[in-house]
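Below you'll find the structure, written out as structure tokens, and then a few comments.
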Amino acid sequence: MSSAQNDKKNKKNKKSRTSGFATRAIHAGQDFDPTTGAVIPPIYQSSTFVQTHIGGLRNGFEYGRGGNPTRNGLEEQLAALEGGRHGISFASGLAAEDALLRGILKPGDHIVLGNDAYGGTYRLIARIFGAWGVTHSVVDMSNLRTVQSAITENTRVLWVETPSNPLMKITDIAELAEVGHAAGLTVVVDNTFASPALQNPLALGADVVVHSTTKYLGGHSDVIGGALVLNDDEMHEKVRFMQFAAGAVSAPMDAFLTSRGIKTLDVRMQRHSDNAQAIAEYFSEHSAIETVYYPGLDSHPGHSLAATQMSRFGGMLSLAFAGGEKVARAFAESTRVFQLAESLGGIESLVNYPAEMTHASVAGTELAVPANVIRLSVGLESVDDLLSDVDRAIGKALKKR
Ligand SMILES: *Cc1c(COP(=O)(O)O)cnc(C)c1O
């Protein structure tokens, strides 16, 4: 990039960091089309770009794997959401994780990750990276001494996820960033569950933010995607090269859908949080429920920490049923508004049985989820309909006991 382009980018980034979150979500990287005035920038559904002469690129565009205007717009939007210098958009959340780790690690390196990290992240690190000589340790991230004692001279990455999936454990990002940096590690936070509307890990000291944009950022269950946001120029260069050389880019239409979803993220997260709070309160008074895992409840062990590092408590909650596996399964199969499906973060409410659905890949490992737990992704439907749905389903599940 020329220094004039860099100056322009920095000025733009600075401006987009100072406006409010909802303004950034709508406007960063989403300028109207200068040739037609179209309010929404066009979807550049093109794999290649015409050159003025050999090597004469127009605005740096050459071939779609290296860059596409629709994807670049999304990347600027992503960087602005997390308050970072660089946003990189990928074909999926796991593609983003893979490019990051391959970009910054080499065989012999070691990763420390939480004992309830996303199952697919664990699978990627244990089974794919393990085979290439990258080792890992799984620890309870809420215990700083355990984290510290897992760090070896080969450790390069501390992988943090908060709230965690599915047990909604809250860990202190600022504190872990300090511990990680004291040991010279790259501190990565998977911010998928909170979304940047509720939590900004870079501002709390993390080096890299990871997203499955499939979830809250896309927000409508109609696109798979992933993202990284980071500040370090050298790291950006390495990861960008890994993406270019290995190819896990997001397609123009996928980038457009994600950008479109992001524009309503702020209002969606408000309603997701309000609806989830109401459902959590309903269950917290129900005798059939052993534990409600929701950081918005006073009874949640991470409540006060969540209140300091998140602006709201989000749309995800999990439940442990006193009646065990049978009642949990019956509940998951009895709701009507909450549909039985994997994934989360969409406008519609979903129920999931982690032990055999989202977390089947970690069954029998140290990340296994108890059989009496179900997870809810609380959507944007009318809260009364959600409450009567779970009320009816729990009655039905208890009868099956
Ligand atoms: C879904 C998810 C991922 C993986 O993202 P994909 O888009 O499915 O590849 C990673 N982390 C968390 C917390 C997730 O929920």
Legend entry - Evaluation of S259 against (1) among the polar types (S, T, N, Q); (2) part of a loop (DSSP other than H, G, I, E, B); (3) touching a helix residue (DSSP H, G or I) at 6+ places or on another chain (Cβ under 8 Å) (one fails), failing number: (2)
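Here is a check on your reading of the model: is A320 closer than 17 Å to Y293 by Cβ and touching a Pro at 6+ places or on another chain (Cβ under 9 Å)? It would help to see each step written out before you state the result.
On the way: closer than 17 Å to Y293 by Cβ: yes; touching a Pro at 6+ places or on another chain (Cβ under 9 Å): yes.
So A320 fits the description; yes.
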Inset, instruction - Have a look at I128, I111 and point out the one that is assigned to a helix (DSSP H, G or I), farther than 23 Å from V378 by Cα, within 16 Å of the ligand (Cβ to nearest atom) and of a type in the set (A, V, I, L, M). - result: I128
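Please go through the stretch 234-249 and pick out each residue that is closer than 14 Å to T186 by Cβ, open to solvent by 70 Å² or more (accessible area, probe 1.4 Å) and in contact (Cβ under 8 Å) with a residue 40 or more places away in the chain. Break it down into steps so the answer makes sense when it comes.
Step one: list which residues in the stretch 234-249 are closer than 14 Å to T186 by Cβ, which gives 234-236, 238-239.
Now narrow it down to the ones that are open to solvent by 70 Å² or more (accessible area, probe 1.4 Å): 234, 238.
Selection gives K238 alone.
For the stretch 146-157, how many residues meet the condition of being more than 16 Å from the ligand (Cβ to nearest atom) and part of a strand (DSSP E or B)? Before the answer, list the steps.
If we filter the stretch 146-157 for residues that are more than 16 Å from the ligand (Cβ to nearest atom), which is where we start, we get 146-156.
Next, only the ones that are part of a strand (DSSP E or B) stay: 155-156.
Total meeting the criteria: 2.
With closer than 30 Å to E82 by Cβ, among the hydrophobic types (A, V, I, L, M, F, W, C) and buried (at least 22 other Cβ atoms within 10 Å of the Cβ) as the only criterion, which of L305, L344, L297, L319 stands out?
Details: L305 fails: buried (at least 22 other Cβ atoms within 10 Å of the Cβ); L297 fails: buried (at least 22 other Cβ atoms within 10 Å of the Cβ); L319 fails: closer than 30 Å to E82 by Cβ.
Residue meeting the stated conditions: L344.
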Inset, instruction - Could you tell me whether L94 is more than 12 Å from the ligand (Cβ to nearest atom) and either buried (at least 21 other Cβ atoms within 10 Å of the Cβ) or in a loop (DSSP other than H, G, I, E, B) (or both)? - result: no
Inset, instruction - State all residues of the stretch 250-290 that are open to solvent by 50 Å² or more (accessible area, probe 1.4 Å) and over 19 Å from the mean Cα position of the chain (by Cα); if no residue qualifies, say none. - result: M253, D274, E281, Y282, S284, E285, S287, E290
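Right, L376: within 16 Å of the ligand (Cβ to nearest atom) and of a type in the set (A, V, I, L, M, F, W, C) or not?
On the way: within 16 Å of the ligand (Cβ to nearest atom): yes; of a type in the set (A, V, I, L, M, F, W, C): yes.
So L376 passes the test.
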Inset, instruction - Kindly establish whether R58 is of a type outside the set (G, A, S) and out of contact with any Gly (no Cβ under 9 Å at 6 or more places or on another chain). - result: yes
Legend entry - Where a residue in the stretch 333-361 is away from the ligand (no atom under 15 Å from the Cβ) and its partner, wherever it lies, is aromatic (F, W, Y) and modelled with pLDDT of 95 or more, with Cβ under 7 Å and at least six apart: S349/F338; V351/F338
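Residues checked against (1) closer than 18 Å to M253 by Cβ; (2) out of contact with any helix residue (DSSP H, G or I) (no Cβ under 6 Å at 6 or more places or on another chain); (3) assigned by TED's automatic domain parsing to the domain that holds D207:
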{"residue": "I40", "(1), (2), (3)": "yes, yes, yes"}
{"residue": "H53", "(1), (2), (3)": "no, yes, yes"}
{"residue": "T70", "(1), (2), (3)": "yes, no, yes"}
{"residue": "R85", "(1), (2), (3)": "no, yes, yes"}
{"residue": "A95", "(1), (2), (3)": "yes, yes, yes"}
{"residue": "L101", "(1), (2), (3)": "no, yes, yes"}
{"residue": "G130", "(1), (2), (3)": "no, yes, yes"}
Inset, instruction - Return the residue satisfying two criteria in turn: it lies in the stretch 176-213 and is acidic (D, E) and outside any helix (DSSP H, G or I), and of such residues it is nearest to D274 (Cα to Cα). - result: D190
Legend entry - Matching option when the condition is within 18 Å of W159 (Cα to Cα) and either of a type in the set (F, W, Y) or at pLDDT 95 or above (or both), among L78, L94: L94
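Please verify whether G364 is crowded, with 22+ Cβ neighbours inside 10 Å and small (G, A, S), treating the condition exactly as stated.
Numbers: crowded, with 22+ Cβ neighbours inside 10 Å: no; small (G, A, S): yes.
So G364 fails the test.
For D172, state whether it is buried (at least 17 other Cβ atoms within 10 Å of the Cβ), within 22 Å of G87 (Cβ to Cβ) and away from the ligand (no atom under 14 Å from the Cβ).
On the way: buried (at least 17 other Cβ atoms within 10 Å of the Cβ): yes; within 22 Å of G87 (Cβ to Cβ): no; away from the ligand (no atom under 14 Å from the Cβ): yes.
No; evaluated as a whole, the condition is false for this residue.
The values are calculated or read from the model by the stated rules, or taken from the named source; none is laboratory data. Since the model is a prediction, treat every value here as computed from it, not as a measurement. Cβ sites come from the backbone with ideal geometry, for glycine too, and all protein chains shown count toward neighbours. With ligands, DNA and RNA removed, areas are computed over all heavy atoms of the protein, side chains included. Shrake-Rupley method; radii C 1.70, N 1.55, O 1.52, S 1.80 Å.
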